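Presented below is the structure to which this report refers.
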Amino acid sequence: QNNKPNIMAGRYRKPSIDLSATTSSSLNKGNNGNRNRSNSYRDRSNSYQRDRSNSYQRDRSNSYVRKPQSKSNLWKGSLNKDIGNSIIVQMVGMESSSHTVYARVDPSCNATPESLSTVPIGKVIEIMVDEEWRHVAKAILEKGVHVEPDSYPSAAELLKLGAVWLLNETAYAAGDHAHARRLSPKDENDTPDWKDMTLRVHVHPDRFFVAHEVDWTKYCKGLLLDNCTSAVVGGKKAHVPVMGFPDKKDGVIVYEDKNIGFAVLNKPGGMPCHSTLSNHAEDVVSMFSATLKERSGDELKHPFLSLPIRVEPEMHGLILAATKKEFCAYATKQLESGNTASNHHSSENGSENSNGLTNNNTGLTKTYRCLVCIKDPDDIDRIEKMVNRTIEHYVDVKSATPKKFVRNKPKTSNHEWAQCLLKITSVGQSNNFRAACVSSKYSDSNDFSLAHRLWGPNIQHPAEEWGVQYVMQIDVQLMTKSPHQIRGQLAALGIPIVGDGPYGGGVCEMRMHRHMWMRMAVQICHLEFSLPKWEEEGTEETKKGELATTQEKCVFHLNTAWWSDYLIDYEHSAMPNAIH
């Protein structure tokens, strides 16, 4: 498997991994699991980076910043294609590992200006896609490369995904990206000035097929079932409109208030909240914006949509979407107030709601449910003793993934270290079931079955490969906001999240309808904030027409995660191997 190139578009992108950036001295005892990962995982991770189009991280790293160069150097070694009437289409980057191709109509060809003005954008993309497929077919025949379905979309699909950009060549050669514009299907028949314009096409774009496995216009099925999903607003159970009942696919809407201007969504894992460099269609904002636009009936109107709470693509669960600017500002203040309150109040100062979660009665609070890897059975009791205690680490925010988390802040360092605080609020799937064994050499055992359900069937002994003996469910509340905080702190405690490869939790593969993506066992299971109201007269704190805080609460909770059924089945059939 390590020797076979991986160009699967169905596989969700993997964060950039610099294994050499994490040394044994950078982490405390708990991160020994990271340091002792098997060499096969290192090889597979490095191969994954080389073969996978990774435009998601290029959009967020300085590696994409180019140095100025002459325009003539941009087209050195280009592939030239004569399409008739002396018109030459130039292409570079066909063999690049990033699968990013630059294409244009050669302005120095012998074609007349009239002929050049008849070559639309869509025609150039089609020629480039056909040529790319020739390279793919050659790789399949000569090297046996495996290609996932829909890996290389057509020209029309590339435009629909937002994988095509129009660049000003003079500005681009100078290192200026400000003049780049993402194209859409309506630009297919446009003819730019090919003398100074170039197309950048991500022929193998990031794909997030899980976005199509749910219905973005309907409500969650869990709202109609007992003990699955709950939405309580102002002390009353929220009403699900009949027109919002889910049909064949499960819905994502948990609650929506059009008057106040917000919605709570159950985000699937394996898709980003915002668009990537090569995909502007399969993210939360794009999918739900399409729903809002469809409701309005005005294709030209772009509805307002913002996500005050941003989560990593691998995570799933409750997220807050603001459909009005006023609520976006209100939610931002609530979120800041919640973090401030968490830093200054211990669990004794707060009350516990019906779900056993601490509530400080101020700001916006959220709770994460995680399934973590237990590599040493003694860690089960050690983690249980940490419940309701504040756990502190420091992170080097500018370090590469996996980021450096340390227990004590270095006294002398040139790095920017940020304080990270979290609290484990509960441990175990139920009161009589703490952890499940996943390490077994027998293929007919329940431990063996659970390991393959979590990490996938492609590895013969997944738990042994990642060095995991047990898995345990915990609930966590964050008191600060830092990149990779929940992932890094749990890994620093020696209990990485299942499916979090960079931090030692292995790789969880999910395959459905011919497509595959990665998932991580972390869910935002609880979301709570004060129900706002429109200020009609204005006060010292709020102006007229703004949203003001009330004493009533909005409480949303998910009782099940994607791994819950796995643990329930295990608990019923393998109680002797479970730890109570």
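The values are calculated or read from the model by the stated rules, or taken from the named source; none is laboratory data. Fair warning: this is a prediction, and the values are worked out from it, not measured in the lab. Glycine also receives a Cβ, built like all others from the backbone with ideal geometry; neighbour counts cover every protein chain displayed. SASA here: full protein model, heavy atoms, side chains in, ligands and nucleic acids out. Shrake-Rupley method; radii C 1.70, N 1.55, O 1.52, S 1.80 Å.
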Checklist entry - Which numbered condition trips up Thr191, out of (1) touching a residue at least 40 places away in the same chain (Cβ under 8 Å); (2) surrounded by 22 or more Cβ atoms within 10 Å (Cβ to Cβ); (3) not in a strand (DSSP E or B)? => result (2)
Checklist entry - Among the listed residues Gly222, Gly234, which satisfies the condition of being modelled with pLDDT of 90 or more, under 18 Å from Leu527 (Cα atoms), surrounded by fewer than 19 Cβ atoms within 10 Å (Cβ to Cβ) and of a type outside the set (Ser, Thr, Tyr)? => result Gly234
Checklist entry - open to solvent by less than 30 Å² (accessible area, probe 1.4 Å) and free of Cβ contacts under 8 Å to residues at least 24 places away in the same chain: does that describe Ala137? => result no
Item to check | Wholly within region 375-474, strands (runs of 3 or more DSSP E) carrying at least 2 residues that are surrounded by fewer than 20 Cβ atoms within 10 Å (Cβ to Cβ) and either without any contact (Cβ under 8 Å) to a residue 40 or more places away in the chain or among the polar types (S, T, N, Q) (or both) | outcome: 390-396, 417-427
Checklist entry - Looking only at region 253-290, which residues are in contact with an Asp or Glu (Cβ under 9 Å, 6 or more places away or on another chain), polar (S, T, N, Q) and surrounded by fewer than 23 Cβ atoms within 10 Å (Cβ to Cβ)? => result Ser275
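For region 494-510, does any single residue satisfy the condition of being open to solvent by 30 Å² or more (accessible area, probe 1.4 Å), part of a strand (DSSP E or B) and at pLDDT 90 or above?
Residues of region 494-510 open to solvent by 30 Å² or more (accessible area, probe 1.4 Å): 509-510.
Adding the requirement that they be part of a strand (DSSP E or B) leaves 509-510.
Among the residues that remain, those that are also at pLDDT 90 or above are: none.
Looking through region 494-510, none of the residues is open to solvent by 30 Å² or more (accessible area, probe 1.4 Å), part of a strand (DSSP E or B) and at pLDDT 90 or above.
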Checklist entry - Which residue pairs have Cβ atoms under 7 Å apart, sit 6 or more places apart or on different chains, and have a first residue in region 82-109 that is surrounded by fewer than 14 Cβ atoms within 10 Å (Cβ to Cβ) and a second that is part of a loop (DSSP other than H, G, I, E, B)? => result Ser86/Cys109; Ser86/Asn110; Ser86/Ala111
Item to check | Among the candidates Ala231, Ala211, residue that is among the small types (Gly, Ala, Ser), closer than 30 Å to Ala103 by Cβ and out of contact with any Ser or Thr (no Cβ under 7 Å at 6 or more places or on another chain) | outcome: Ala211
Item to check | Selected residue (criterion: nearest to Ala561 (Cα to Cα)) from residues of region 225-266 that are out of contact with any strand residue (DSSP E or B) (no Cβ under 9 Å at 6 or more places or on another chain) and touching a residue at least 12 places away in the same chain (Cβ under 8 Å) | outcome: Asn227
Checklist entry - Restricting the search to region 291-306, which residues are open to solvent by 40 Å² or more (accessible area, probe 1.4 Å) and either out of contact with any Ser or Thr (no Cβ under 9 Å at 6 or more places or on another chain) or among the hydrophobic types (A, V, I, L, M, F, W, C) (or both)? => result Lys293, Ser296, Gly297, Asp298, Glu299, Leu300, Lys301, Phe304
Item to check | Where a residue in region 141-158 is on the phi > 0 side of the Ramachandran plot and its partner, wherever it lies, is surrounded by 15 or more Cβ atoms within 10 Å (Cβ to Cβ), with Cβ under 9 Å and at least six apart | outcome: Asp150/Ala9; Asp150/Gly10; Asp150/Glu157; Asp150/Arg207; Asp150/Phe209; Asp150/His515
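May I ask you to verify whether Glu571 is open to solvent by 10 Å² or more (accessible area, probe 1.4 Å), modelled with pLDDT under 90 and in contact with a Ser or Thr (Cβ under 7 Å, 6 or more places away or on another chain)?
Numbers: open to solvent by 10 Å² or more (accessible area, probe 1.4 Å): yes; modelled with pLDDT under 90: yes; in contact with a Ser or Thr (Cβ under 7 Å, 6 or more places away or on another chain): no.
When the stated conditions are applied, Glu571 does not pass them.
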